[in-house]
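This report refers to the structure that appears directly beneath it.
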Amino acid sequence: MSLLRQPILLLSRSSGVKKVVSTLPVTSGIVTGYVPGETTDAVVEAAATLVDDGLAVTLDFLGEDTLDVARADATVAAYVEVLQALAQRGLARHAEVSVKLSAIGQALPDVGDRVALENARVICRAARNAGTTVTLDMEDHTTTDRTLAVLRDLRKDFPETGAVLQAYLHRTEADCRALAHEGSRVRLCKGAYNEPEDVAFTDRIDVDKSYVRCLKVLLAGEGYPMIATHDPRMIAIAGSLASRYGRPQGSYEFQMLYGIRPDEQRRLAGSGERVRVYVPYGGEWYGYLVRRLAERPQNLTFFLRSLISKK
Ligand SMILES: Cc1cc2nc3c(=O)[nH]c(=O)nc-3n(C[C@H](O)[C@H](O)[C@H](O)COP(=O)(O)OP(=O)(O)OC[C@H]3O[C@@H](n4cnc5c(N)ncnc54)[C@H](O)[C@@H]3O)c2cc1C
């Protein structure tokens with residue numbers, strides 16, 4: 001892990017820093033590099049452009065850790081609206097949505113799991129009506145069991161619902177085994193939160209080794225693996241493992257974040273791979289932006305320089 005990652009993620013909890021950084025208009029180049037806009041229209045337009053380029057998308061209405069029921073309801077309404085808009089534009093075959101349970105009520109005291117499940121059901125139903133699916137994002141390790149429990153409940157009525165597993169957690173290889181069954185869509189990522197070493201690998205090499213072990217389990221299994229990484233080594237290893245396990249292109253997919261390695265996204269799609277771009281949108285871009293900056297200290301330097309030159 002980068003030495004800077006932990007302090008940046010910790011700094012992100014400071015409301016003072018958030019206030020200063022959040023005064024940047026979303027139109028500033030730094031934010032729009034990662035988030036194409038704040039509105040349904042803006043994200044559907046971005047999705048249409050990506051789909052025209054031969055890519056699929058998953059849309060994420062930004063926001064997390066809400067303790068406000070009205071805000072959770074507004075997030076559900078935003079998902080329903082965007083799903084209807086995708087269907088109207090004829091994009092639903094190439095577009096799904098990604099949902100953070102903490103944005104739809106999971107963090108509410110006592111009733112969190114029940115509210116998150118009910119809200120997730122509303123979004124899953126809207127996705128099904130639109131002709132597409134939902135993937136549940138995975139947040140910090142304190143929520144993993146609860147998120148997987150909600151997933152199990154949701155899958156009783158919406159078996160197409162996807163899960164995310166994070167290779168940096170010690171538990172994840174076992175979770176991959178449990179979820180590598182037929183019909184199970186699993187996105188494997190490295191993990192973006194600041195996790196303690198009793199639950200997570202903290203050395204980059206150990207995270208990569210775990211990622212490869214998890215890839216093997218998922219690609220050898222019966223489910224639909226969604227390989228979410230920008231790492232050229234992981235992408236090459238995934239390609240070789242797919243051949244080794246006799247997986248044709250289209251029986252798994254690659255996923256990358258909007259604005260990160262766009263040329264590689266198009267190169268992979270051009271080589272016949274299915275590639276899906278994760279497109280976040282909305283006004284609550286702060287936590288997402290900080291995680292992206294923490295992943296790459298070069299981005300932070302660029303970000304700080306841009307801030308200074310704007311003063
Ligand atoms: C589709 C998708 C969904 C995700 N969902 C979740 C989730 O639900 N929960 C969760 O914890 N995490 C999620 N993540 C984030 C993920 O866990 C990692 O934090 C992130 O993808 C960086 O890891 P990496 O595999 O790209 O490898 P890294 O080793 O971090 O990066 C490899 C290379 O990718 C490029 N790169 C990586 N990050 C950046 C960046 N910010 N800016 C520019 N270049 C970059 C660089 O070339 C870098 O050398 C998701 C990622 C993707 C792609």
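Extending 7 Å from the Cα toward the beta-carbon at both GLU264 and GLN298 defines two label points whose distance is 1.1 nm. Say R0 is 25 Å: what FRET efficiency, to the nearest 0.05, do GLN249 and GLN84 get from their beta-carbon distance? In this case the efficiency is close to 0.20. The label point for SER240 and the one for ASP110, both projected 7 Å from the Cα toward the Cβ, are 5.5 nm apart. Farthest towards the positive end of the charge dipole of the chain, among the residues LEU179, ALA200, ALA74, is the Cα of ALA200, using unit charges on the Cβ of Lys, Arg, Asp and Glu. DSSP finds beta bridges in the chain, and of those with both partners inside it, around 5 percent are antiparallel. Ranking GLY270, ILE123, ALA103 by how far each Cα lies toward the positive end of the dipole of the chain (charges on Cβ) leaves GLY270 at the top. Note on the chain: lysine pairs with Cα distance below 18 Å, sequence gap of 8 or more or different chains, count 7.
Highest average first, the peptides 78-84, 265-271 ordered by how many other beta carbon atoms sit within 10 Å of their residues are 78-84, 265-271.
Amide H to amide H, with H built 1.01 Å from N, GLY162 comes under 5 Å of VAL134, THR135, LEU136, counting only residues 5 or more places away or on other chains. Between ARG233 and SER271, the modelled label-to-label distance comes to 1.7 nm, taking each label 7 Å out from Cα in the direction of the beta carbon. Using the Cβ-Cβ distance between ILE205 and GLN6 with R0 set to 25 Å, the FRET efficiency works out to roughly 0.90.
Each Lys and Arg contributes +1 and each Asp and Glu -1, all at the Cβ; summed about the Cα centre of the chain, the dipole is approximately 660 debye. For the stretch 27-150, the equivalent ellipsoid derived from the alpha-carbon gyration tensor has semi-axes of 25, 16, 13 Å in decreasing order.
Which stretch or stretches of the stretch 267-301 have amide N atoms under 19 Å from the point lying 7 Å from ALA74's Cα along the Cα→Cβ direction? Under cut-off, by backbone N: 280-289. With Cα atoms defining each centre, the stretch 198-214 and the stretch 114-134 are spaced 32 Å apart in the structure. Scaled against 2.2 N^0.38 Å for its residue count N, the alpha carbon radius of gyration of the chain is 0.95. Take each peptide in 210-216, 95-101, count the other Cβ atoms within 10 Å of every residue, and average; sorted highest first, the result is 95-101, 210-216. In this structure, the amide hydrogen of LEU257, modeled 1.01 Å from its nitrogen in the peptide plane, lies closer than 5 angstrom to those of TYR278, counting only residues at least 5 positions away or on a different chain.
Readers should treat all values here as calculations from the given coordinates under stated rules, not as data from a laboratory. Because the structure is predicted, anything quoted here is derived from the model rather than measured. Neighbour counts are summed over all protein chains in view; Cβ atoms, including those assigned to glycine, are modelled from backbone coordinates with ideal geometry.
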